[in-house]
1. Return the long-range amide H neighbours of Val209 (sequence gap of 5 or more, or a different chain), with a cut-off of under 5 Å between placed amide H atoms.
2. With a cut-off of 8 Å between alpha carbons and a minimum separation of six or more residues, what is the relative contact order of segment 105-340 in percent?
3. So for each of 176-186, 153-163 I average, over its residues, the number of other beta carbons within 10 Å; can you give me the resulting order with the highest mean first?
4. For Ser127, list long-range residues whose amide hydrogen, built 1.01 Å from N in the peptide plane, is under 5 Å from its own amide hydrogen.
5. I'd like the projected area of segment 105-340, averaged over all directions, using the convex hull of its alpha carbons. Report it in nm² with one decimal.
6. Which FRET efficiency, nearest 0.05, do Arg264 and Thr117 yield, Cβ-Cβ r, R0 22 Å?
7. Run the quick spin-label model on Arg308 and Asp176: label points 7 Å from Cα toward the beta carbon, then report their separation in nm to one decimal.
8. So if each residue of separation counts as 0.36 nm, and I subtract the Cα-Cα distance between Leu55 and Val220, what length gain in nm does that give?
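None of the figures in this text is laboratory data; all of them are computed from the coordinates on show. Fair warning: this is a prediction, and the values are worked out from it, not measured in the lab. Don't worry about glycine lacking a Cβ; one is built from the backbone with ideal geometry, like all the others, and counts go over all protein chains shown.
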Amino acid sequence: MPDPGPRGDTGAGTRAHRGRGRRRRTDGVRHDRAAPGRTPGGPQPGGGGRAVARLLLRLVRAHRVGLRHRRRARHDHRGRGDPHVRPRLRDPDGDRPRARPRRTALTAVSAGTPAPTSLVLVRHGESVGNLAAARAEQAGAEVVEIDTRDADTLLSDRGLEQARALGVWLGGLPADERPEVVWCSPYVRTRQTAATALEAAGIDLPVVVDERLRDRELGVLDRLTRAGVEARHPGEAERRRLLGKMYHRPPGGESWADVALRLRSLLRDLAEREDGRRVLVVAHDAVVMLLRYVLEGMDEDELMAIIRERSVRNASVTRLDRVDGAWLLTAFDEVGHLAALDAPVTEHEGTDDSGG
């Protein structure tokens with residue numbers, strides 16, 4: 001079939017048109033003369049090449065329509081609980097982004113994803129390191145005088161009493177509320193707290209020791225008081241003021257963001273191993289706060305606002321329950337179980353560079 005002409009011609013045009021482009025030579029041989037833009041014997045413009053061009057144009061248009069639909073779908077999900085799109089909230093009095101409203105159940109767990117049913121977070125009882133740090137701060141000393149490394153610090157007498165009171169509370173819980181397994185920091189003071197509490201409760205639970213639950217490492221600032229940091233590492237003191245608690249990483253140590261990163265890793269493993277179980281976690285105050293930070297989906301400002309208001313007390317209980325696929329905070333820094341047995345309630349800051 002002849003190629004269509006430039007205007008959709010089927011090739012059935014006039015004789016004059018069909019004959020155009022030919023001429024007779026005096027030698028009696030007929031020769032084809034190529035029209036502008038044509039190659040003798042080759043594809044004609046508007047033929048197969050034009051069909052390919054039209055096909056490409058349709059594909060480009062279909063791609064653009066698909067992009068518009070996807071953008072519209074993303075826009076429709078904003079503010080409707082879409083887990084991948086977080087709208088930026090604006091201050092009603094200006095263009096400056098404002099903090100998100102405080103919520104207690106943020107980290108959704110997809111249906112079928114393994115996860116514990118509850119997490120009971122406990123800070124260790126008072127340690128001899130807590131007492132030594134408090135004495136050094138009160139005396140204005142630069143160094144916390146203690147004979148052991150941080151990982152080997154023991155509980156004080158009051159800390160042991162607090163751990164026993166924690167155990168009595170655990171033993172008195174209904175069977176369907178009692179933890180089924182313990183995850184614990186490897187530090188001696190946390191393992192002492194867990195062991196003493198389980199003995200007082202009269203229950204035998206498996207204990208998983210995981211180094212990702214250890215306290216924040218302070219590097220070159222270890223064993224120094226605030227005065228000691230200012231005197232011996234003024235550059236680090238200035239860097240900490242500039243970067244803030246969340247992102248300041250002392251040489252050889254960790255920032256709070258570093259601790260949060262290892263806790264995210266731990267939570268993935270814990271979810272796989274303890275799916276559907278109630279878990280008791282015995283750790284440190286920075287770990288308790290950062291587990292809240294991760295599970296509740298806090299931002300830096302929200303976390304620091306809580307820390308400025310209060311610290312996590314020794315042997316206190318914080319609880320998060322999994323409700324409708326999200327983590328819900330149901331108790332924070334509770335010490336009623338201590339008061340019930342006249343056990344001492346102690347508050348030692350362990351979240352700063354002075355350790356604890």
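1. Cys184
2. Working: 434 pairs, mean separation 79.6, N = 236.
Averaging sequence separation for qualifying contacts and normalising by length gives 34 percent for segment 105-340.
3. On the way: 176-186: 17.9, 153-163: 21.5.
Those peptides, ordered most packed to least, come out 153-163, 176-186.
4. When sequence neighbours closer than 5 places are left aside, the close amide H contacts are Ser156.
5. Details: hull surface 50.9 nm².
Across all orientations, segment 105-340 yields a mean hull projection of 12.7 nm².
6. On the way: r = 20 Å, r/R0 = 0.90.
FRET efficiency, Arg264 to Thr117: 0.65.
7. Result: 4.3 nm between the two label points.
8. Details: separation 165, 0.36 × 165 = 59.40 nm, distance 6.71 nm.
Residue separation times 0.36 nm, minus the Cα-Cα distance, leaves 52.7 nm.
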